[in-house]
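The values are calculated or read from the model by the stated rules, or taken from the named source; none is laboratory data. Every value quoted in this text rests on a predicted model; they were computed, and no experiment measured them. When we count neighbours, we look across all protein chains shown, and the Cβ atoms used for this are built from the backbone with ideal geometry, even at glycine. Areas reflect the complete protein model, heavy atoms only, side chains present, ligands, DNA and RNA absent. Shrake-Rupley method; radii C 1.70, N 1.55, O 1.52, S 1.80 Å.
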Amino acid sequence: MNPDIRFGKPIIAGTRICVSDILSWLSTGMSSEEIIEDFPELKKEDILAALE
């Protein structure tokens, strides 16, 4: 978490993508593969970490 990035929300290290964004995308039915296709800077491990 960094107060200067995304208002201090938890983010995936090295990105500006919030954990809550990933959880939201998954809850709307996006698969991990679709998320990675849209955001290639993410890895499968990042999505699994967001779920933890």
- Message: I need the shape label for the chain. Rule: rounded when a/c is under 1.5, else prolate if a/b > b/c, else oblate, with a, b, c from the alpha carbon gyration tensor.
- Response: prolate
- Note on the structure: With a 1.4 angstrom probe the carbon and sulfur portion of accessible area for the chain, in percent, totals 55 percent
- Size of the dipole of the chain about the Cα centre, Lys and Arg at +1 and Asp and Glu at -1 on the beta carbon, nothing else charged, in debye to 20? 220 debye
- Message: Residue by residue through the stretch 12-22, what is 3J(HN,Hα) from phi via Karplus (6.51 cos²θ - 1.76 cosθ + 1.60, θ = phi - 60°)? Round to whole Hz and write x for glycine and proline.
- Response: 6, 3, x, 10, 10, 8, 6, 4, 5, 5, 4
